[in-house]
Amino acid sequence: MPVSNHMRRLLLQTIADTINEVVVGFDGTPATAEDGAAGRPAIVLTPTVTIIDDTALLIEASMSIDDTFTDSIREVYIQNRTTSDFTPVARYTTKPIIKTSANEINIEILIEVA
């Protein structure tokens, strides 16, 4: 018997409630399901997490014009951080993005939980 819709929504809500950090970094190595942390972190952002429907979450975070780096942004890492530990959620790599005081970066990641 498949999981009930109520249980699926509860699972999605639990995941949404625990995501509290987006780490943007410089490591461009391929992302895998075994990634345990950001490779070379640049900045930690506080995301907004929205439940789209019974199977999808939207995670959004932004870097303002005040954030500048000499190296290119190449990874986004989503996690849950507590006072003593962190739990990895997902890691993504991207084409290099140059972040200067002349641009803002808005990160939007859609996660499907099936």
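The values are calculated or read from the model by the stated rules, or taken from the named source; none is laboratory data. All of these numbers come straight from a predicted model, not from anything done at the bench. Please note: Cβ atoms are built from the backbone with ideal geometry, for glycine as well, and neighbour counts cover all protein chains shown.
Do any strands (runs of 3 or more DSSP E) entirely within region 42-114 hold 3 or more residues that are under 30 Å from L10 (Cβ atoms) and in contact (Cβ under 8 Å) with a residue 40 or more places away in the chain, and if so, which?
Where strands (runs of 3 or more DSSP E) fall fully within region 42-114 and carry at least 3 residues being under 30 Å from L10 (Cβ atoms) and in contact (Cβ under 8 Å) with a residue 40 or more places away in the chain, they are 56-63, 73-81, 86-97, 105-112.
State yes or no: is N5 within 13 Å of the chain's Cα centre (by Cα) and surrounded by fewer than 17 Cβ atoms within 10 Å (Cβ to Cβ)?
Considered against the rule, which asks whether it is within 13 Å of the chain's Cα centre (by Cα) and surrounded by fewer than 17 Cβ atoms within 10 Å (Cβ to Cβ), N5 comes out as no.
A33 fails exactly one of the following numbered conditions: (1) modelled with pLDDT of 95 or more; (2) under 14 Å from I111 (Cα atoms); (3) small (G, A, S). What is the number of that condition?
Condition (1) is where A33 drops out.
So which residues in region 56-72 are hydrophobic (A, V, I, L, M, F, W, C), loosely packed, with under 15 Cβ neighbours inside 10 Å and under 25 Å from L110 (Cβ atoms), if there are any at all? Reasoning before the result, please.
Initially, region 56-72 is screened for residues hydrophobic (A, V, I, L, M, F, W, C), giving 56-59, 61, 63, 65, 69.
Within this subset, residues satisfying the condition of being loosely packed, with under 15 Cβ neighbours inside 10 Å are 56, 65.
Across region 56-72, the qualifying residue is only A56.
Is there any pair linking a residue in region 1-21 that is of a type in the set (K, R) to one that is surrounded by 14 or more Cβ atoms within 10 Å (Cβ to Cβ) and at pLDDT 90 or above, with Cβ under 9 Å and at least six apart or on different chains, and which?
Close Cβ pairs satisfying both conditions: R9/I51.
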